[in-house]
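Asks: My questions all concern the structure below.
The values are calculated or read from the model by the stated rules, or taken from the named source; none is laboratory data. Since this is a predicted model, take the numbers as computed values, not measurements. Using ideal geometry, Cβ is built from the backbone for each residue, glycine included, and neighbour counts are taken over all protein chains shown.
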Amino acid sequence: MRIDLISLFPEFVAQCAAFGVVGRAGERGLLSLYGWNPRDYAEGNYRRVDERPFGGGPGMVMLIEPLRAAIRAARAADPAPARVIYMSPQGARLDQAKVRELAGHERMILLCGRYEGVDERLIQAEVDEEISIGDYVLSGGELAAAVIVDAVARLQEGALGDAESAVQDSFEDGLLDCPHYTRPVEHELGSVPAVLMSGNHAHIAKWRRQQSLGRTWQRRPDLLDEAALSKADRKLLDAYRAELTAGQAGQGDQAAPETVSSADPASGSGKTPG
C-alpha cells in the first residue's frame, strides 16, 4: 500500500510511522509513505501557503495553488489511482469499518490542513472524502493522518506476527475486546481467571466472548444497539449481567466474572457484525 502525505510537516508523520508494527510493515515492503510539502510548490520569496480569509475573522487559510500542485505531483508519482482524503473535524467519524475499507485501497493521498483550514474550493475540486478522528480540534491534520497510517498499516497482510491479533481487536466484530492476562498467575493485584488456564479452548473462547459482550455493555452500550447479537450471545450477556447484579463479580468488570459453564451450549466462536 502506498500513502502520500500532503503536509507542511511530513516528517512528523514519517517519524510516527518508523516504529513498531508500522515500521516493520514499511521494512517488509507492505507500506510506503511519501511526503509532499506544499511550501515546495509555493511562489515568491517567502513561499507563502496561507492568506487571511475573506469576510474577516481570526487566523489564516491555506491557499489553493500550493496544495493543488502538491496533490497533482503526488498523483503523478505513481500510476495507481489514489483517493484523496482531507483530515477534517467536519468529516465522517473514523471507525474500524472505515479503517478496513481504507486498508483495501492500493493508494491514498492524505491532505493535512493547518491554521483555520483549507480553501473550500480546493476541497470541492480535489478531495474525495473528509475524515475526522473525533469531536475535537487539533493544531493540524498530521496527528489524524498518523492515526490512519497506523490503523491501516496493521491490517496489511503480513504486518502482524499473528494475523489473529487483528481479528481479535476491539471493534473488529463490533464489540470491545475481552480482558487479557499474563504471568504471574498470582499477584498482589489479583489472580488470573481459572478458565484461562483450563486448557479447554472451547470454554476459553466462550469466556472471552462473554467478557467482550459484558465489557461492551458496560462501557459502550451504543455498540450493542448496533450489533446483531445471536441467541447464544444474548444468553452469555444475560449471565454476565446476572452475576454482576448478584455481586459475585466484585466491583465493575475489573474482576472479570467467570460465568461460563461447561453445561452452557453457547458458542464463543461466532462473530457479531458491527
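Asks: Do any residues in region 37-56 that are of a type in the set (S, T, N, Q) have Cβ atoms under 6 Å from those of residues that are surrounded by 13 or more Cβ atoms within 10 Å (Cβ to Cβ), where the two are at least six apart or on different chains, and which pairs are they?
Replies: Pairs that qualify, where the first residue is of a type in the set (S, T, N, Q) and the partner is surrounded by 13 or more Cβ atoms within 10 Å (Cβ to Cβ), are N37/P10.
Asks: Same structure, new question: Restricting to region 116-134, count the residues that are in contact with a strand residue (DSSP E or B) (Cβ under 7 Å, 6 or more places away or on another chain), at pLDDT 95 or above and not small (G, A, S).
Replies: 9
Asks: Counting only residues that are crowded, with 20+ Cβ neighbours inside 10 Å, in a helix (DSSP H, G or I) and out of contact with any helix residue (DSSP H, G or I) (no Cβ under 7 Å at 6 or more places or on another chain), how many does region 47-89 have?
Replies: The qualifying residues number 1.
Asks: For region 187-214, which residues satisfy the criterion of being of a type in the set (S, T, Y) and under 28 Å from the mean Cα position of the chain (by Cα)?
Replies: The one that is of a type in the set (S, T, Y) and under 28 Å from the mean Cα position of the chain (by Cα): S212.
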